[in-house]
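Every number here is computed from the coordinates shown, using simple stated rules; none is lab data. If you're wondering where the values come from, they're calculated on a predicted model, not measured in any experiment. For neighbour counting, all protein chains shown are included, and Cβ atoms are generated from backbone atoms with ideal geometry for every residue, glycine included.
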Amino acid sequence: MRKQHIVISGAGFAGLTLARKLNNRPGIRVTLIEQYNFHQFQPLLYQVASAGLDAGNISFPLRKIFQRSNNTTIEMGKITRVLPGSNLLVTSNGILSYDILVLATGCSTNFFGNDNLRRYALPMKSTYNAIGVRNKLLQNLEALSRNAGNRSLDHLYNIVIAGGGPTGVELSGAFAELRNKVLPKDYPGLDCSRINIYLLEKGKRLLPSMSEKSGIQSEQYLTSLGVHVICDTGVTDFNGKTVILDNDTKIQSGLLIWAAGISGNIPDGIDPACINQQNRLYVDGYSRVKTYENIYAVGDVSIMSLHHHPDGHPQVCKVANDQGSLLAKNLLHSLKGKKGKPFRYKDLGTMATVGRNKAVVDGFPFAHAHFKGWIAWMMWMGFHLYKLLGVKNKIQVFVNWAYKYFTYDQNLRLIIRPDDKDIPELYDHNSSDMKAKQADDFSSGSHSVPMSGVLTEK
Ligand SMILES: Cc1cc2nc3c(=O)[nH]c(=O)nc-3n(C[C@H](O)[C@H](O)[C@H](O)COP(=O)(O)OP(=O)(O)OC[C@H]3O[C@@H](n4cnc5c(N)ncnc54)[C@H](O)[C@@H]3O)c2cc1C
């Protein structure tokens, strides 16, 4: 019997959960196509950026996860276009056909159309981004240390983080601990008390997705660590040296980290009527993209408006995992001609950490629970260790945290930059257009165009 071909685009929390649940199941074959060759644990990216963890500790090679699979093919590449009429995909490797397509492509940073921000501010959405932030921070410190007393480099003393959600709060807390405890030892010639960390939030308070108590508590923690928290203030521009705020004040800075907006990653070819303003795909309760029979979307890139969550679900790991998991069950049921179940989200709470013994937890273990301080910090660490993929990674992260707890120090302050030529060409739009033409020719029956990459039988 011909096996159904399920193509999953993106090996984040949603796509990877789905692929693992479909692994070695009869009657289907799965292609998991991901632009990196690893899964990344985004909640701990901030620790890579602040030199607290090694990038390898929070990444997991996809091929290792599926070493024993007899129905899953891993493909490192990027989906650039969908041709829904002919069930074909244009990828950075060639053309791929599918019976069922699942978009689990997550989100990327939204600079809201500001080219200066795109050019000069640093995003925090991937392991590459986190290493980029760490490099820039350390390079700025090296420049300051080489040029002590050079006033023209004073802007390098100021670090600005835009966005007071969990990423901004966790990052600014980690930078403050680095500045307070580690940098004075690394750079004895530098006056580290001159290093300022600014956290800017456009809304009235920090952690808008958590309770008011948590927002206020996290601000108190950050202030006690010496972070300048400025709410009700947004960033409008940055030229690499000056951050301009929406109240017309300016902060001289050589490092702006942008954690203030995200936008869904949707390949070309999807009907714009299925896409909302934040570039997310409208899906029904079964994760099916509205108007399509065989295209689904799960995780951050999707927006599912249900009775309990009329504005969609929060963009967090648990929603992505649960949606991936349920979709796997529903797809397997549909193979047997059975009807699946609609999604229902069970919220197990939210948490954020600011630093050593400083964290906030809401909604766990029951809806109105709230914890702060040491106990919340322990809960945060326990939960993240439990969720991290791979026993080796769990042990390494635990050892790192224990070492840091007792010594306040790690040996991860490395400036590591790959040569440009080492970075895979993932955003080659010209070649994507060429491949789209090849796909059109293929679907219209003309086979005269040579095809590169993977071409699977329809
Ligand atoms: C810095 C940071 C901290 C966070 N902290 C927390 C936290 O503490 N707790 C929490 O619950 N949530 C947190 N989140 C949110 C959480 O990480 C997301 O909700 C979750 O990752 C969503 O999972 P996903 O599978 O939908 O997308 P992702 O995990 O983003 O995965 C999408 C995958 O698709 C790949 N991809 C994208 N486009 C393409 C393409 N065209 N072709 C092929 N592959 C593609 C990407 O490389 C990526 O691997 C955080 C997010 C960030 C950025």
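Listing for the model above:
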quantity	calculated
Percent antiparallel among DSSP beta bridges (both partners in the chain, rounded to 5)	45
Over 27 Å between alpha carbons, listed pairs Lys3/Lys338; Lys21/Lys346; Lys346/Lys372; Lys202/Lys241; Lys64/Lys136	Lys64/Lys136
Chain lengthening between Lys290 and Asn114 when straightened (0.36 nm per residue, less Cα-Cα)	60.3 nm
Inter-label distance for Thr242 and Asn357, nm, one decimal - labels placed 7 Å from Cα along Cα-to-Cβ	4.3
Separation of alpha-carbon centers, segment 339-417 and segment 205-223, rounded to whole Å	17
Relative contact order (%) - criterion: Cα under 8 Å, at least six apart; region: the chain	20
Rg(Cα) / (2.2 N^0.38 Å) computed for segment 1-155, rounded to two decimals	1.34
Whole-angstrom gap from segment 11-36 to segment 110-154, using each part's C-alpha centre	36
Rounded to 5, the percent of DSSP beta bridges in segment 281-384 classed as antiparallel	75
Length released on extending from Asp191 to Asn70, taking residue separation times 0.36 nm less the Cα-Cα span	37.7 nm
Share antiparallel - DSSP beta bridges, segment 197-297, percent rounded to 5	75
Relative contact order, percent, segment 307-391 [alpha-carbon distance under 8 Å, six or more residues apart]	17
Dipole magnitude of the chain, debye to nearest 20 (Cβ charges: Lys/Arg +1, Asp/Glu -1, about Cα centre)	1520
Where GluC sites (Glu not before Pro) in DSSP loops with at most 15 other Cβ within 10 Å are excluded, longest remaining stretch of the chain	1-292
With 10 Å bins from 0: P(r) over the chain, alpha-carbon pairs, percent	4, 19, 29, 26, 15, 6, 1, 0
Loop trypsin sites (Lys or Arg not before Pro), segment 305-390, which have at most 12 other Cβ atoms in a 10 Å radius of their Cβ (DSSP)	Lys336, Lys338, Lys339, Arg344, Lys346
Cleavage-rule hits, chymotrypsin sites (Phe, Trp or Tyr not before Pro), segment 87-165, DSSP coil, Cβ neighbours within 10 Å at most 16	Phe112
Only Lys, Arg (+1) and Asp, Glu (-1) charged, at Cβ; segment 191-240 dipole about Cα centre in debye	120
For segment 75-229: relative contact order, % (alpha-carbon pairs under 8 angstrom, 6 or more apart)	15
Neighbour cut-off at most 15 other Cβ (10 Å), DSSP loop, trypsin sites (Lys or Arg not before Pro), segment 9-82	Arg68
